[in-house]
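Remarks on the structure that follows.
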Amino acid sequence: MKLIAISDTHLKTGEVPPQLQNILKDCDLIVHAGDFSTVEAYQAFNASGKLKAVAGNADTFELRQLLPEKLKFEVEGIRIGVVHEGGLSVIDTTAQGYLAREMGVDVLIFGHLHRPLIEKKEVILVCPGSPTKPRMSKPSAVELIIEKGSIKGRILTLEGDSCEYIRFQDALKKQKEEENRK
């Protein structure tokens, strides 16, 4: 089974961005870890019939009433948990690890940080980043392949706007390369 995890899309309309349409059409399940922003955005993803989702802190009141804060489900024997705010750090994932154990899951998918991460410890921690509003990263999603009780994951880098930090970092790198050529 091919699962695509996304989060923090922060869309105002019911349009799924083209960079997401391509990867979502070929997956079996879409997991959104919150912050759609609007009901229209949620409905656009839900129209696929493949969506599992939680509410995020930036979602409208109506959407927070519609979606749970935490979600647990199973795919081919793998227990998956989904939350929006699993912790506030991509560097120190202790809080996310504890939350995964509290939820009794093998994989915890969380959002809020807008930066992608796949970390394998006692549990697998997955932050898909943001495909539309990244912070200190390029737009991203995570692909998880689950087969016969095993799981493989990879971060997908998508087309689209990067945050100012990445543009600045790329400009510095280019400047340094030019200086080294001289």
Q) Hey, which lysines would be in cross-link range of K12, C-alpha to C-alpha under 17 Å, not counting anything within fewer than 8 residues on its own chain? A) K133
Q | Computed magnitude of the charge dipole of the range 2-180 (debye, nearest 20; Cβ of K, R +1, Cβ of D, E -1) | A | 260
Q) Rounded, prolate or oblate: which fits the range 82-182 when a ≥ b ≥ c are the square roots of the eigenvalues of the alpha-carbon gyration tensor, with rounded for a/c under 1.5 and prolate only if a/b beats b/c? A) prolate
Q) Which one of V16, F36, I4 is farthest out on the positive end of the charge dipole of the range 1-62, using unit charges on Cβ (Lys, Arg +1; Asp, Glu -1) and the Cα centre as origin? A) I4
Q) What nm value, rounded to one decimal, do you get for the distance between K12 and A171 when each label is placed 7 Å out toward the C-beta? A) 2.6
Q.
As a test, work out the antiparallel percent of DSSP beta bridges whose residues both lie in the chain, rounded to the nearest 5.
A. 60
**Q.** Area accessible to solvent at H112, 1.4 Å probe radius, in Å²
**A.** 40
Q) Based on Cα positions only, what radius of gyration and what Dmax would you give for the range 44-124, in angstroms? A) 13.0, 36
**Q.** Length released on extending from E178 to N22, taking residue separation times 0.36 nm less the Cα-Cα span
**A.** 52.6 nm
Q.
In whole Hz and in residue order, list the ³J(HN,Hα) couplings for the range 133-138 that follow from phi through the Karplus curve 6.51 cos²θ - 1.76 cosθ + 1.60, θ = phi - 60°; x for Gly and Pro.
A. 9, x, 10, 6, 7, 8
Q) Say we join alpha carbon atoms closer than 10 Å with springs in a Gaussian network model of the chain; which of G14, G49, G87 then has the biggest fluctuation? A) G49
Q.
I'd like to check one number: the per residue accessible area of the chain, probe 1.4 Å, reported in Å² as a whole number.
A. 53
Q | Alpha carbon convex hull of the chain, projected area averaged over orientations, nm² | A | 11.3
Q) Can you run phi through the Karplus equation (6.51, -1.76, 1.60; θ = phi - 60°) for the range 42-48 and list ³J(HN,Hα) in whole Hz, with x for Gly and Pro? A) 4, 4, 4, 6, 5, 4, 5
Q.
Under 8 Å for C-alpha pairs, at least 6 residues apart: give me the relative contact order for the range 51-90, rounded to a whole percent.
A. 38
Q | 5 angstrom amide H check on S7, placed H, neighbours 5+ away | A | A33
Q. Ignoring any ligand, DNA or RNA, what whole percent of the accessible area of the range 2-180 comes from carbon and sulfur when the probe is 1.4 angstrom?
A. 49
Q: Treating the angle as unsigned and between 0 and 90°, give the value, to the nearest 10°, between the Cα long axis of helix 94-103 and the longest Cα principal axis of the chain.
A: 20
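The values are calculated or read from the model by the stated rules, or taken from the named source; none is laboratory data. Everything numeric here is computed off the predicted structure, so don't read it as measured data. FYI the Cβ positions are ideal-geometry reconstructions off the backbone, even for glycines, and counts take in every protein chain you see. Note: accessible area is taken over every heavy atom of the protein model, side chains too, but ligands, DNA and RNA are not part of it. Shrake-Rupley method; radii C 1.70, N 1.55, O 1.52, S 1.80 Å.
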